[in-house]
Amino acid sequence: MAKSRHLWMGPPGMENGRCIRELFEHPEQWAEARSSIEGLLYTDLQFDKQFKDEELQRWLPRLSEWGLHLQLETGVIKEWSKSGEKTFNIERRIWDRLQKLGGKIHSIAMDEPLLAVREHLHLPDDLALQETANYIALVRQNYPAIQIGDIETYPSLAAADHVQWIDSLNKLLAEKKVRGLDFYRLDVNWAVFNVLNKGSWREVRQIEQECRKRKLPFSLIYWPSCYPGLRKRGLGDDTAWYVQLMEQGYDYTMVDGRPDEFVIESWVQAPAKCIPETEDFTFTRSVRDFARRFTNKGT
């Protein structure tokens, strides 16, 4: 199977990182899925809290052996830090630890700084703009090889807000003589398209096109947006995880959507099993089948 250079996987972090442990300890059980991805995505805080040095030292070098990149999902502005500089100084210790133990960091994905300022901190957008730019500048200065992208949500943030945010952030970075974003990633709560009649895949496609106009790679998270609601109704099982993941793949394809990066990521405590890829509805089976259907065609 030819490797797609466009697919990242972010396994669930539940049960103190059980999925990560299984991936590294049983590589033979997800060989095809591994051959189809560009790299592994995990939060820097989970890496730091869940694993001992001796574990990471044994595991992380294997990513390079497998030809995979390491991407970290990071904070910028959170309830525990309204300062990009403060957040960077907290996180750089984690990054240095990971790299010392053999994990070469390819890229970071900033976890929703604009949304955090608007919906969680209820502060002006300008704070998000200034502190995100400060954070990016520090990363560029201290880790010049690391690529930097931003994750933001839709439709909680309107399509026009995404475009304005991209332009304003890159403009401010240019004024600071700092390189702009390397990719822009959408976390789409697509369940609300029908439930609340808010947003659409066509608008997501418009954001993709705006990124293309700016030569900014467009990245899209694939996840079962209806899963939390189904779980409340007693229908949230691993079948629902798998079916909804594929549903998003088909739905975005139907509006001619084609991200530069596909990201399969779980933060919904599902699926229950990570491996093997040969068993129905495991996480790696989902990655394997998604790659066969959507990302390995025409690459």
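Results, tabulated for the structure shown:
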quantity: FRET efficiency estimate (nearest 0.05) - Cβ-Cβ, Asn16 to Lys104, R0 35 angstrom; calculated: 0.90
quantity: Segment Ala31-Asp237, extension gain: residue separation times 0.36 nm, minus the distance between their alpha carbons; calculated: 71.7 nm
quantity: For the stretch 219-226, Karplus couplings with θ = phi - 60° (6.51, -1.76, 1.60), whole Hz, Gly/Pro x; calculated: 10, 10, 7, 10, 7, x, 4, 7
quantity: Charge sum, other residues only, whose C-beta stays under 13 Å from Asn194's C-beta, Lys/Arg counted +1 and Asp/Glu -1; calculated: -1
quantity: Label-to-label distance, nm, for residues given as Asn89 and Asp125 (7 Å Cα→Cβ offset); calculated: 3.0 nm
quantity: Partners for Lys100 among aspartates and glutamates (Cα-Cα distance below 12 Å; same-chain residues under 8 apart left out); calculated: Asp53, Glu54
quantity: Ordering of 209-215, 263-269 by packing [mean C-beta count within 10 Å, highest first]; calculated: 263-269, 209-215
quantity: Rg/Rg_ref, the stretch 207-299, where Rg_ref = 2.2 N^0.38 Å and atoms are Cα; calculated: 1.15
quantity: Spatial separation of Cα centroids for the stretch 88-138 and the stretch 216-295, in angstrom; calculated: 26 Å
quantity: Interchain or long-range residues, amide H under 5 Å from Tyr222's placed H; calculated: Val263, Ile264, Glu265
quantity: Residue of Gly249, Gly236, Gly67 that the Gaussian network model of the chain assigns the largest fluctuation, springs spanning Cα pairs under 10 Å; calculated: Gly67
quantity: Choice from Ala270, Ala137, Ala145 showing the highest fluctuation, given a GNM over the chain with Cα pairs closer than 10 Å; calculated: Ala145
quantity: Where chymotrypsin sites (Phe, Trp or Tyr not before Pro) fall in DSSP loop in the stretch 76-133, at most 11 other Cβ within 10 Å; calculated: Trp80
quantity: Over 19 Å between alpha carbons, listed pairs Lys78/Lys215; Lys78/Lys177; Lys171/Lys215; Lys78/Lys213; calculated: Lys78/Lys215; Lys78/Lys177; Lys78/Lys213
quantity: Mean projected area (nm²) of the alpha-carbon convex hull when the stretch 86-218 is viewed from all directions; calculated: 8.8 nm²
quantity: Volume per residue that the Cα convex hull of the stretch 65-133 spans, once the total is divided by residue count, Å³; calculated: 81 Å³
quantity: Cα gyration tensor category, rounded, prolate or oblate, for the stretch 7-295 with a/c compared to 1.5; calculated: oblate
quantity: Integer Hz, Karplus 6.51/-1.76/1.60 couplings in order for the stretch 15-22, x for Gly and Pro; calculated: 6, 6, x, 3, 5, 4, 4, 5
quantity: Order of Glu203, Glu25 under a 10 Å beta carbon neighbour criterion, fewest first; calculated: Glu25, Glu203
quantity: Within the chain, helix-based [θ] at 222 nm, where runs of 4 or more DSSP H residues each add -39,500 (n - 2.57), nearest 500; calculated: -13500 deg cm²/dmol
quantity: For Ile108, residues with placed amide H under 5 Å, excluding near neighbours; calculated: Leu72, Gln147, Ile148, Gly149
quantity: Exposure proxy ranking, count of Cβ atoms within 10 Å, fewest first, for His120, His106; calculated: His120, His106
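Each reported figure results from applying straightforward, stated rules to the coordinates on display, with no laboratory input. Please read all numbers here as calculations on a predicted model, not as lab measurements. Backbone-built Cβ (ideal geometry, glycine too); neighbour counts: all protein chains shown.
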